[in-house]
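Engineer: Supplied in structure tokens, the structure appears directly below.
The values are calculated or read from the model by the stated rules, or taken from the named source; none is laboratory data. In this text, all values refer to a predicted model and were calculated from it rather than measured experimentally. All Cβ positions, even for glycine, are placed from backbone atoms using ideal geometry, and neighbour counts span all protein chains on display.
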Amino acid sequence: MLIRRRRGWELRESEATPEAAFLGRRSLIKMLVAGPILVPRLRSPIEQAADGDPGKRNPRYTLDRPLTDEKLATTYNNFYEFGSQKSIAAEAQALNIRPWTVKIDGLVEKPITIDVDELLKKMLLEERLYRHRCVEAWSMTVPWSGFPMSALVDFAKPLGSAKYVQMETFLDPKIAPGQKEFWYPWPYIEGVTIAEAGNELAFLVTGMYGKPVPKQDGAPLRLVLPWKYGFKSTKSIVHFAFTEKRPVSFWETVQGSEYGFWANVNPEVPHPRWSQATERVLGTNERVPTVKWNGYGEFVAHLYDGLEKERLYA
Ligand code: MTE
């Protein structure tokens, strides 16, 4: 039987702010301006890979708040492989990120195991400014660099029967002490539908703040899904599997009543033990209203048409 443990990224009920305190919501600035993608394609992926260029900033993804201080965003982490506390940056340095191979298999035309640097040479890197909302009700705003997950899907050439993409993190208890905690279902697994993986916002990250992504933030390759709670954003990925069956994620296995497959941000659907109506902005600690889909509804809401009976927001 599963023993209920409070995880480091969960709030105590006493820490959760009552929804009533936020009834007088400010009107929010319209956050995202749709428009044509204006990224100049000036450099080839091989040229970019050669000098670690994070790529041009894509102006399509705009913000309503300042970027989080780099030091804070790279020292306040959730990476259970290295511990359940926020300060795992030092422990995560034990992760050896080169050589690093990525396996792409399952329902694809040609399964492949590829060195991450070879993979990156095939991708055009760009920078995007995204808001990130943790299920724990804190948020940050980060300049990520990487490439759209849709490019990886194109590279993989999935078969028509593929409905989901499962992402898996490395497994090495010798360097990741958290993975010695046998009650967790290692390795960390997450999944998205093919439609979600192909959505323009789904972003595979190799850098942040114009530098290679630090180990504690998921080097050398992590996912960012800004309209979903942060636990969907798998770090340090070694394996993408294209499947017909919906993957059962790490947290779903641990506590399925609280953490489901979809986990889309919605302030109106509370976590069973705290409100999701507001979020604490890392850095200022200001509490601001949370916005449905984390403000990215115009990009993603249509993905869920016809799925209203699903538990979309937990
Ligand atoms: N990926 C792995 N492999 N292990 C983890 O513990 N934590 C998730 C997600 N990805 C996690 C993970 C959670 S709960 C969040 S909020 C984000 O990573 C945190 O990313 P950050 O540390 O870069 O802010």
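Engineer: Of all residues in the stretch 229-260, count the ones that are crowded, with 19+ Cβ neighbours inside 10 Å and more than 21 Å from residue 113 (Cα to Cα).
Structural biologist: 10
Engineer: Something else about it: Can you tell me which residue among 139, 161, 87 is under 24 Å from residue 212 (Cα atoms), of a type in the set (Ser, Thr, Tyr) and in a loop (DSSP other than H, G, I, E, B)?
Structural biologist: 87
Residues checked against (1) basic (Lys, Arg); (2) away from the ligand (no atom under 14 Å from the Cβ); (3) modelled with pLDDT of 50 or more; (4) surrounded by 15 or more Cβ atoms within 10 Å (Cβ to Cβ):
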{"site": "4", "(1), (2), (3), (4)": "yes, yes, no, no"}
{"site": "52", "(1), (2), (3), (4)": "no, yes, yes, no"}
{"site": "57", "(1), (2), (3), (4)": "yes, yes, yes, yes"}
{"site": "68", "(1), (2), (3), (4)": "no, no, yes, yes"}
{"site": "88", "(1), (2), (3), (4)": "no, no, yes, yes"}
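Engineer: Still on this structure, please answer the following. Quick check on my filter: what residues within the stretch 229-247 are part of a loop (DSSP other than H, G, I, E, B), under 27 Å from residue 290 (Cβ atoms) and within 12 Å of the ligand (Cβ to nearest atom)?
Structural biologist: 229, 233, 234, 235
Engineer: A follow-up question, please. Scan the stretch 267-302 for residues that are closer than 16 Å to residue 65 by Cβ, part of a strand (DSSP E or B) and either at pLDDT below 95 or of a type in the set (A, V, I, L, M, F, W, C) (or both) and jot them down.
Structural biologist: Once the filter is applied, which keeps residues that are closer than 16 Å to residue 65 by Cβ, part of a strand (DSSP E or B) and either at pLDDT below 95 or of a type in the set (A, V, I, L, M, F, W, C) (or both), the stretch 267-302 yields 281, 288.
Engineer: Answer yes or no: is there a residue in the stretch 254-274 that is within 13 Å of the ligand (Cβ to nearest atom) and within 20 Å of residue 171 (Cα to Cα).
Structural biologist: Scanning the stretch 254-274 turns up at least one residue that is within 13 Å of the ligand (Cβ to nearest atom) and within 20 Å of residue 171 (Cα to Cα).
Engineer: Here's something else I'd like to know. Answer with yes or no whether residue 117 is within 16 Å of the ligand (Cβ to nearest atom), over 20 Å from the mean Cα position of the chain (by Cα) and not in a strand (DSSP E or B).
Structural biologist: Numbers: within 16 Å of the ligand (Cβ to nearest atom): no; over 20 Å from the mean Cα position of the chain (by Cα): yes; not in a strand (DSSP E or B): yes.
No: the conditions fail for residue 117.
Engineer: Still on this structure: Has the stretch 220-228 got at least one residue that is in a loop (DSSP other than H, G, I, E, B), among the hydrophobic types (A, V, I, L, M, F, W, C) and surrounded by fewer than 21 Cβ atoms within 10 Å (Cβ to Cβ)?
Structural biologist: Checking the stretch 220-228: not a single residue is in a loop (DSSP other than H, G, I, E, B), among the hydrophobic types (A, V, I, L, M, F, W, C) and surrounded by fewer than 21 Cβ atoms within 10 Å (Cβ to Cβ).
Engineer: Which of the residues belonging to the stretch 208-228 are within 25 Å of residue 112 (Cβ to Cβ), near the ligand (Cβ under 9 Å from one of its atoms) and more than 8 Å from the chain's Cα centre (by Cα)?
Structural biologist: 213, 218, listed by residue number.
Engineer: Looking at the stretch 173-219 only, could you name the residues that are aromatic (Phe, Trp, Tyr) and either modelled with pLDDT under 95 or surrounded by fewer than 23 Cβ atoms within 10 Å (Cβ to Cβ) (or both)?
Structural biologist: Step one: filter the stretch 173-219 for residues aromatic (Phe, Trp, Tyr), giving 182-184, 186, 188, 203, 209.
Those that are aromatic (Phe, Trp, Tyr) and either modelled with pLDDT under 95 or surrounded by fewer than 23 Cβ atoms within 10 Å (Cβ to Cβ) (or both): 182, 183, 184, 186, 209.
Engineer: Assuming residue 104 fulfils every condition listed in (1) touching a helix residue (DSSP H, G or I) at 6+ places or on another chain (Cβ under 6 Å); (2) in a loop (DSSP other than H, G, I, E, B) apart from one, which condition is it?
Structural biologist: (2)
Engineer: Could you give me the residue pairs with C-beta distances under 6 Å whose first residue belongs to the stretch 229-246 and is over 17 Å from residue 212 (Cα atoms) and among the hydrophobic types (A, V, I, L, M, F, W, C), whose second residue is within 7 Å of the ligand (Cβ to nearest atom) and at pLDDT 95 or above wherever it lies, and which are 6+ apart or on separate chains?
Structural biologist: Note: pairs meeting the criteria are 231/135.
Engineer: Shifting gears a bit: Does the stretch 15-31 contain any residue that is surrounded by 18 or more Cβ atoms within 10 Å (Cβ to Cβ), assigned to a loop (DSSP other than H, G, I, E, B) and at pLDDT 50 or above?
Structural biologist: no
Engineer: Mind checking which residues of the stretch 123-136 are near the ligand (Cβ under 8 Å from one of its atoms) and either assigned to a loop (DSSP other than H, G, I, E, B) or among the β-branched types (Val, Ile, Thr) (or both)? Reasoning before the result, please.
Structural biologist: Initial filter on the stretch 123-136 (near the ligand (Cβ under 8 Å from one of its atoms)): 132, 134-136.
134, 135, 136 - these are the residues of the stretch 123-136 that are near the ligand (Cβ under 8 Å from one of its atoms) and either assigned to a loop (DSSP other than H, G, I, E, B) or among the β-branched types (Val, Ile, Thr) (or both).
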